[in-house]
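The structure under discussion appears below in the form of structure tokens.
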Amino acid sequence: MSDDGFGFALPPFNADNALQQLKRSLRDLKLAERGKGFELKGKAVVELTADDGAITVRLARRLSMTPEWDKVQITSGADQRKLLDDVKRRLERWQRED
């Protein structure tokens, strides 16, 4: 009997599918896709790079022409949801600051 308590294993993380889902979700948040990143009002907000079985994300701390970046590694669906929640919070904060 497995020790996870649920009796089934989680599906393996598919970075390519997750990258497509992230891009779709970021477009739904009204971010403009430019190359490997996404912008808001012409300013870089998020950059996505697919690596070996993971997604490397650079997330702007502030909305500016030359942002400081926070680096995040996405290796599971939970990480993906956490990133989207963080992006939504930052977008709301930046709208209040304008």
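Bear in mind that the values in this text are calculations on the coordinates, not laboratory data. Only a predicted model underlies this, so the values are computations on that prediction, with no experimental measurement involved. Every residue, glycine among them, receives a Cβ derived from its backbone with ideal geometry; neighbour counts consider all protein chains shown.
General remarks:
- Considering residues of the stretch 55-89 that are among the basic types (Lys, Arg) and surrounded by fewer than 14 Cβ atoms within 10 Å (Cβ to Cβ) only, the residue nearest to residue 30 (Cα to Cα): 88
- Scanning the stretch 73-95 for residues that are closer than 19 Å to residue 23 by Cβ and either touching a residue at least 24 places away in the same chain (Cβ under 8 Å) or touching a helix residue (DSSP H, G or I) at 6+ places or on another chain (Cβ under 6 Å) (or both) turns up 74, 75, 76, 77, 80, 83, 84, 86, 87, 88, 90, 91.
- Of the strands (runs of 3 or more DSSP E) lying entirely inside the stretch 1-78, those containing at least 1 residues that are closer than 17 Å to residue 92 by Cβ are 37-40, 43-51, 54-60, 69-74.
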